[in-house]
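Undergrad: Pasting a structure below so you can have a look.
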Amino acid sequence: MQPQQLSISYTAYESREQLDAADAALLQRAIDATNDAYAPYSHFRVGAAALLENGEVVLGSNQENASYPVGLCAERVLLSAVSSVYPNVPIKTMAITYRSESGKSNRPISPCGVCRQTLVEYENRLKQPIRLILGGMDGKIWIIPQAGSLLPFGFSGEDLL
Ligand code: THU
């Protein structure tokens, strides 16, 4: 028997002001995208912005439904938009943020499990890591160099071979 350990690397910033200009600009696009959220049930607006290898920025936001499980998270809306509009163009960085109408928005958001699985599929498909900028309306920001590090022991296409 051999106990093992896993660790992930990420950088924590005290506030948006500490980000470099390009990251701050992408996070601002994600903040803007919270305005496009359709969140009449949770009142939790999530915005995401992807900077692509070709320099384009694509936005996504959560889109809810009266039949709750039908709703989609901002990250998956964004990934589907990118792969439809710019197929096979890798995503360099994705910024994700949120604005809660009922609570504070000062902790970095962290993608849900289904979105992690979807992010990893995209990384594997394009063979390039997706760097994540995770924030709120204020407070700390986390930068994670590779989305896949948030899903250790994940299931992938390799398991189907
Ligand atoms: N949501 C996202 O869009 N992304 C996340 O990372 C977490 C949760 C959405 C789903 C739902 O519309 C609302 O936030 C509350 O869960």
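Undergrad: Once the other residues with Cβ under 15 Å from the Cβ of residue 102 are scored (Lys, Arg +1; Asp, Glu -1), what is the net sum?
TA: In short, +2.
Undergrad: For the chain, what is the relative contact order in percent, using Cα pairs closer than 8 Å and at least 6 residues apart in sequence?
TA: Result for the chain is 24 percent.
Undergrad: Of the candidates 37, 49, 12, which one comes out as most mobile in a Gaussian network treatment of the chain with C-alpha springs shorter than 10 Å?
TA: Taking springs between Cα atoms under 10 Å, the residue moving most is 12.
Undergrad: Springs between alpha-carbon pairs under 10 angstrom, Gaussian network model over the chain: which of 52, 79, 132 fluctuates most?
TA: In this elastic network of the chain, the residue with the biggest mean-square fluctuation among 52, 79, 132 is 52.
Undergrad: So how do 115-127, 60-72, 90-102 stack up, highest first, on mean other-Cβ count within 10 Å?
TA: 90-102, 115-127, 60-72
Undergrad: Report, ordered by chain and residue number, the lysines lying within cross-link reach of residue 104, taken as a straight Cα distance under 19 Å and ignoring same-chain residues fewer than 8 apart.
TA: Answer for residue 104, where 19 Å is the Cα cut-off: 140, listed by chain and number.
Undergrad: For the stretch 1-62 and the stretch 63-134, what is the separation of their Cα centres, given in Å?
TA: 8 Å
Undergrad: Follow-up question, since we're still on this one. Summing Lys, Arg as +1 and Asp, Glu as -1, what charge do residues with Cβ under 12 Å from the Cβ of residue 124 carry, residue 124 excluded?
TA: -2
Just so you know, all these numbers are worked out from the coordinates, no wet-lab data involved. None of the values given here were measured: they were computed from a predicted structure. With ideal geometry, Cβ positions are generated from the backbone for all residues, glycine too; neighbour counts draw on all protein chains shown.
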